[in-house]
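Structure record follows, encoded as structure tokens.
The values are calculated or read from the model by the stated rules, or taken from the named source; none is laboratory data. Since the model is a prediction, treat every value here as computed from it, not as a measurement. So basically every Cβ, Gly included, is an ideal-geometry build from the backbone, and we count neighbours across all protein chains shown. To get the accessible areas, we keep the full protein, side chains included, count just its heavy atoms, and leave off ligands, DNA and RNA. Shrake-Rupley method; radii C 1.70, N 1.55, O 1.52, S 1.80 Å.
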Amino acid sequence: MSSIASDNQSIRWQWLDSAKGIAIFAVMMQHGAHFVLASDDIFASLVIDTFFMPLFFLCSGFVSVKLLNRSVEHKWGIVLKDFSLLLPFVLCGIAYGYCITGGLTISGILMRLLSTWSIGYWFLFVLFLFRIAVIFSDILLSTCNIGRYKMGGVIVLSLVVALIFGRLTDRWGFTVAYFPFFLLGIVMRKYSLHTRILQYQWGTTILALLAVLSFVLYHYLGYSIHPVFHTFVVRGLVTLSLFLACFHSGGNALLATIGSYSLDIYCLHYFFIVGCHKVLVPEGFLLSYPWAVQTLMMFVVASLLTMASITLSRCISVVPNLHKFIFGR
């Protein structure tokens, strides 16, 4: 995902790739539970839901700080590379759409691809909109010469622009839930907030404890708390705790490897679950097992999906320029 598709940093950060690795593996566990094991709303899924997509957008924002001040380097601010996310969105989306619909026409598949969920590829399109919103806002405010208040202006204006994009493209819910995390990633990188937080002793530990407490409180009260509490407080605390933990620890080599393939895994794993939903196992297959067994089964399926997707990605890379044509990098 860009951070799924990070901007091809010449020097990769193992800790950041590890954070993306955690996020993409969590996606595989969620999709494995839903599409392969035909089970939803189990304990592991409820835990994963608190961080997997917010963590992706936080990482994406963190590597997207270079979107600022683009007008200095490029006359028009927006360059061809900014549209690279649309390549896998369209190509993989059309291919997957044909796999699951059979005889549908290209126009019919495109209609489904442009629907709210985009046949599962919504992240790429939404991230594209977020990036364009930030670039547009930065370019517009650069002409106003507002000095030290420019960053605050970019945050406010880009939020408005992103919400407008979300409304116009029927991605309102995604924008409200995830654009704040994207902006948080940009702000953390620009002002080095991740290093400042870790300067305080027990900072990450306190965040982690608050994350666990908020999760327990929300679910103990039977979801009677307003959904905004879950969307921003629970998800925010859990996501920040994982992000800072990866930064503090320096990451893990295996997770970093998975994270470096996060875009490929996200785009390709759908082709390995075609036809699995409610076919391999009965509906609610995992519900009769203890939560530990449920999690173990999800882990096994996620591992298989991850390995299969990376293997297919490496096969694609063997053909010159094919990987760049499909994934935009």
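Within region 96-131, the residues that satisfy the criterion of being more than 13 Å from the chain's Cα centre (by Cα) and among the aliphatic types (A, V, I, L, M) are Ile100, Leu104, Ile106, Ile109, Leu110, Met111, Leu113, Leu114, Ile119, Leu129. Asp40 meets all of the listed conditions (1) open to solvent by less than 30 Å² (accessible area, probe 1.4 Å); (2) within 21 Å of Tyr178 (Cβ to Cβ); (3) modelled with pLDDT under 90; (4) not aromatic (Phe, Trp, Tyr) but one, namely (1).
Open to solvent by less than 30 Å² (accessible area, probe 1.4 Å), more than 18 Å from the chain's Cα centre (by Cα) and closer than 30 Å to Leu114 by Cβ, is that true of Val161?
Working: open to solvent by less than 30 Å² (accessible area, probe 1.4 Å): yes; more than 18 Å from the chain's Cα centre (by Cα): yes; closer than 30 Å to Leu114 by Cβ: yes.
It is true that Val161 is open to solvent by less than 30 Å² (accessible area, probe 1.4 Å), more than 18 Å from the chain's Cα centre (by Cα) and closer than 30 Å to Leu114 by Cβ.
Counting just the residues of region 7-36 that are open to solvent by less than 10 Å² (accessible area, probe 1.4 Å) and within 16 Å of Ser309 (Cα to Cα), which one comes out farthest from the chain's Cα centre (by Cα)? This residue is Gly32.
Has region 14-35 got at least one residue that is outside any helix (DSSP H, G or I) and out of contact with any Leu (no Cβ under 9 Å at 6 or more places or on another chain)?
If we filter region 14-35 for residues that are outside any helix (DSSP H, G or I), which is where we start, we get none.
Scanning region 14-35, I find no residue that is outside any helix (DSSP H, G or I) and out of contact with any Leu (no Cβ under 9 Å at 6 or more places or on another chain), so the answer is no.
Looking across region 165-195, the residues that are surrounded by 14 or more Cβ atoms within 10 Å (Cβ to Cβ) and β-branched (Val, Ile, Thr) come down to Thr169, Thr175, Val176, Ile186, Val187. Kindly evaluate Leu263 against the criterion of being within 21 Å of Leu87 (Cα to Cα), open to solvent by less than 60 Å² (accessible area, probe 1.4 Å) and in contact with a Cys (Cβ under 8 Å, 6 or more places away or on another chain). In short, no. Summed over region 121-142, the residues that are farther than 30 Å from Met111 by Cβ and either touching a residue at least 40 places away in the same chain (Cβ under 8 Å) or touching a Lys or Arg at 6+ places or on another chain (Cβ under 6 Å) (or both) give a count of 4. Pairing each residue of region 103-116 that is under 17 Å from Gly173 (Cα atoms) and touching a residue at least 24 places away in the same chain (Cβ under 8 Å) with any residue that is among the aromatic types (Phe, Trp, Tyr) and in a loop (DSSP other than H, G, I, E, B), provided the two are 6+ apart or on different chains, yields no C-beta distance under 6 Å.
I'd like to know if region 113-125 contains one or more residues that are over 19 Å from Leu263 (Cβ atoms) and of a type outside the set (A, V, I, L, M, F, W, C). Looking for residues that are over 19 Å from Leu263 (Cβ atoms) and of a type outside the set (A, V, I, L, M, F, W, C), one finds at least one in region 113-125, hence yes.
Kindly indicate whether any position in region 283-300 is part of a loop (DSSP other than H, G, I, E, B), within 20 Å of Lys20 (Cβ to Cβ) and either touching a strand residue (DSSP E or B) at 6+ places or on another chain (Cβ under 7 Å) or aromatic (Phe, Trp, Tyr) (or both).
So in region 283-300, the residues part of a loop (DSSP other than H, G, I, E, B) come out as 283-284, 289-290.
Filter once more, so that each one left must be within 20 Å of Lys20 (Cβ to Cβ): none.
Looking through region 283-300, none of the residues is part of a loop (DSSP other than H, G, I, E, B), within 20 Å of Lys20 (Cβ to Cβ) and either touching a strand residue (DSSP E or B) at 6+ places or on another chain (Cβ under 7 Å) or aromatic (Phe, Trp, Tyr) (or both).
The numbered conditions (1) open to solvent by 20 Å² or more (accessible area, probe 1.4 Å); (2) closer than 27 Å to Gly97 by Cα are all true for Leu198 except (2). Total residues in region 37-61 satisfying the condition of being over 12 Å from the mean Cα position of the chain (by Cα) and among the aromatic types (Phe, Trp, Tyr): the figure is 1.
Being among the β-branched types (Val, Ile, Thr) and either within 16 Å of Phe62 (Cα to Cα) or over 21 Å from the mean Cα position of the chain (by Cα) (or both) is not true of Val176.
Working only within region 43-66, note down all residues that are assigned to a loop (DSSP other than H, G, I, E, B) and open to solvent by 10 Å² or more (accessible area, probe 1.4 Å).
Hits for region 43-66 are Asp49, Phe51.
Taking the conditions exactly as written (crowded, with 20+ Cβ neighbours inside 10 Å, of a type in the set (A, V, I, L, M) and either modelled with pLDDT under 95 or more than 26 Å from Trp122 (Cα to Cα) (or both)), does Leu244 satisfy them or not? Yes, satisfied.
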